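Bear in mind these aren't lab numbers, they're just calculated from the coordinates by the rules spelled out. Predicted, not measured: the structure shown is a model, and the values here were computed from it. Glycine gets a Cβ as well: all are built from the backbone with ideal geometry, and neighbour counts include every protein chain shown.
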Amino acid sequence: MSNEPEASDNQDSLKQRIKKTFSDLPDMDESVEKIKKGLSKLGSIGKGTKQKFEDFTQSIIDALPIIEEAGFRSNRFIIGVSIPPNISIHFQKTKDVKDEDLERLKEQHKERKSVKLILNALATANRFQRKMNIRGMDFSEICLDITIPPKVSLKYLHKKVAESKNDLLDLADG
């Protein structure tokens, strides 16, 4: 019976803490207004910002021939018009390139941020992929998502799917 007053005190204490927590929260109407203001600012992105994204996208496109020198061909190029905007590029490895050769290419094009960004991501993925051996799977491609935060994915296909894909490509080359 001695626990009953203690339990009651704990319940009262908990109720007081919950009440204080809710009283510390901002007014819901105020929060909604702040969200609306933020969204209206996002919706009114200026032409300068749009132009910067267009310029950056073009710099990525212009970098693709240099990336091919590094042994990676782009299979797919996807532009996501969103907030934040994003660019996804799927690369197929066409040849093995040594890390030193990638470093040389980065040095040759060090003034081009987009080239450096892509080469750094591909070099990291390339090193990781060399260490991977997934039984029954073949390495397929590297997907680079240029967004906030950037993301690199290694894609693998089941060997039978990869063989079927190669057979179809052989037929198309016919």
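Here the simple spin-label model places points 7 Å from the Cα toward Cβ, and for Leu157 and Thr124 these points are separated by 2.7 nm.
Net charge of the neighbourhood of Ile146, taken over other residues with C-beta under 15 Å away and scored Lys/Arg +1, Asp/Glu -1, is +2.
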